[in-house]
1. Binning at 5 angstrom from zero up to the longest distance, how are the C-alpha pair distances of the stretch B:91-210 distributed in percent?
2. Relative to the present Cα-Cα distance, how much length would full extension add between B:Thr32 and B:Ser162 at 0.36 nm per residue of separation?
3. What percent of all Cα-Cα pairs in the stretch B:220-303 falls into each 5 Å bin, going from 0 up to the bin containing the maximum distance?
4. Quote the relative contact order of the stretch B:175-334 in percent (integer), defining contacts as alpha-carbon pairs under 8 Å separated by 6+ residues.
5. Give me the net charge for the shell around B:Cys177: Cβ to Cβ below 12 angstrom, other residues only, Lys and Arg +1, Asp and Glu -1.
6. Please go through the stretch B:154-254 and write out the GluC sites (Glu not before Pro) that DSSP classes as loop and that have at most 13 other C-beta atoms within 10 Å.
7. For the protein assembly as shown, what are the per-bin percents of Cα-Cα distances with bins 20 Å wide, up to the bin holding the maximum?
8. At a threshold of 8 angstrom on Cα-Cα distance, excluding pairs fewer than six apart, so keeping six or more, what relative contact order does chain B reach in percent?
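No value in this document is a laboratory result; all are computed from the given coordinates. In this text the structure is predicted, and so the values were computed from the model without any measurement. Because the Cβ atoms are built from the backbone with ideal geometry, glycine has one as well, and the counts that use them run over all protein chains shown.
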Amino acid sequence: CTSTAVTFRGTLYEDTIC
Amino acid sequence: FPTSSALVERADPDESPARREREEAAARADRTACDEGKSSGCAALGLAYLTGAGVPQNRPLAEVLLREACDADEGTACMGLGQLYLPRVAFSEEDKAMLEQAGSAFDRGCRLGVLDACERVAAILDGTDEVAADALRRDTCAKGGTASCRRLADDLSMRDESAAAQTEAQRVFARLCRSGDRESCVSHARWLTQQQERDEDSRSPELREIQSLGCRAGDGYLCHDLAMAVFAEGSGPPEQRVEALALFDRACDNESDFCSIRTAIHARPLLVQGCEAGRAQDCYALGELYQAPGSPLESAADARAPMGKACEGGIIEACTIAAELALQDSAPDAAARAERWYRTGCAGGQAGSCIAFGRRLVDGDGFPRDPGQGYPLLASACASGRTDICDELETRTATDPEAPVPVADNSYLPDDPEALEERQRRINE
């Protein structure tokens, strides 16, 4: 699995994709 | 969106640096356009986050960007949104709701002129309304929707096995391929390859053309297959066969699975030099390069000398391979070299060398039969924990009185009387 966290326009988006 | 969308794969972590740079530059430009309020930029950025092209793959952010852009009538964003929503299977109520969401996103994309979205709508219709699916595909194909034309041709070639239908389908694939559709090139190349195998002809100019087109359209395998043919026709050192090299490069750019070949061809001259200068590690690397299955450089004859040098230079892992390669050689002193290398490997702690040599001596395979020397090698492998060799010895004792009986271990202890009694009691019960 790969996890990413991206901040875009002040919001944190987290995702884990397997 | 579902945890596992049918159309969203994990981003490829090994893509080529050139491609990564291209994608990163594109994502930066999309980001700027999106920040300036251009919904097309946000759509493109959303798609980048969906697949992890030039940015970290992040589906929640992709969803936000794509939904906004789709609401602003960016058809490609609706298409991307549908891809994100489309579940792999639709058994549960939740999945069915997702499928519905995907369907309406595709539908909106289709209405906004994205022909691939129309094909997705048709694909959802496949299960429920084949007539409507066919009609939508025909309409989409006429508008230039490649995926729908491709699917129509697929259906044509599968539903109808007549030669006329097959030829018709292949004509469509050829046309689509010439207009740059990668998958049609793959389909057509496969068919041409089958035809050719039947005719046992050399690779036809048409097949080469289709492979070359598919390669340029981004298919790795077609580049690779063509490169192998061009490489085999070439002469001179591998690194100087420029036409084949360009194709191998392209295969690697398209699909990272093919990159090791390019690396191997470029690494070879330096390893040859190093090996000639006496660096055993380089000889081993060179030997391995000639051993790689499926590589254009694969050659037992070329691998033989460097593997032998590697073994003699102290790379013990090379010895078994060197010995096996020597036994394929017809030179009169080959068996003597093989024996020397097996012994070096075995003395250096390579159980594989002892076992392979032992078996060959016991079977008289490659060397004159000599169980007196062979069996002790196998027996000591067994004694040092190779239970598979103990089993092998046990099997051999059945037919060969010379085979040593392995010492019993505690694998199958006899049951004690109490356990036997207990088992009998259970059976009776």
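1. Going from the shortest bin to the longest, the percentages are 2, 11, 17, 19, 16, 12, 9, 7, 4, 2, 0.
2. Additional length available on full extension: 41.4 nm.
3. Taking all Cα pairs of the stretch B:220-303, the binned fractions are 3, 16, 25, 25, 17, 9, 4, 1 percent.
4. 13 percent
5. With Lys, Arg at +1 and Asp, Glu at -1, the net is +2.
6. B:Glu161, B:Glu200
7. 18, 34, 31, 17, 0
8. Rounded, it is 6 percent for chain B.
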